[in-house]
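Q: A single structure is presented below for examination.
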Amino acid sequence: MPNIVAKQVLNCCPVPTMGLIGTGSANDIVRGLGIHDPAIAVETIKEGVHRPMDLGMLKYKRAGEPIQRLLFMGTLSLGLGTAVNRYVEQFHRKHKLFSKPSGFNQTIGGLLGMKHAFSSNALPLSLELG
């Protein structure tokens, strides 16, 4: 979904103003904006408070395919963060007791996700910089 939004922002002139309420698993946008409470985010949007945000682009190529572009807002995680987030999502589906949001539940899932990523070599892709 962020790729769709980022493409629209990138193709607009002048660059539009939009409101964001961060609810993602990593919440890098929430941390970057410093607005952790959704109710405060809504009030901030209503008040018209704005801040610039970085828009990034990753170009990649799969064998036999043309170069593709992935646009993203905030940060892009392709390694350990992605593997851990996938594990935590599956963990919370299987263990409903730990699915309620709390620092403890997130820490347990995150630690188990890191252990799993390293023990199973679950990192999703390898990169070559060129």
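Q: When all protein chains stay in place, what accessible area (Å², nearest 10, 1.4 Å probe) is found for residue 62?
A: Solvent-accessible area, nearest 10 Å²: 140 Å².
Q: Further, regarding this structure: Going from most exposed to least, what order do 75, 82 have by accessible area with a 1.4 Å probe?
A: Result of the area sort, largest leading: 75, 82.
Q: If ligands, DNA and RNA are left out, what is the accessible area of residue 37 with a 1.4 Å probe, given in Å² to the nearest 10?
A: 70
Q: So how exposed is residue 87, as accessible area in Å² (1.4 Å probe, rounded to 10)?
A: Roughly 50 Å² of residue 87 is accessible to a 1.4 Å probe.
The values are calculated or read from the model by the stated rules, or taken from the named source; none is laboratory data. Since this is a predicted model, take the numbers as computed values, not measurements. We work out accessible area using only protein heavy atoms, side chains counted, and drop any ligands, DNA or RNA first. Shrake-Rupley method; radii C 1.70, N 1.55, O 1.52, S 1.80 Å.
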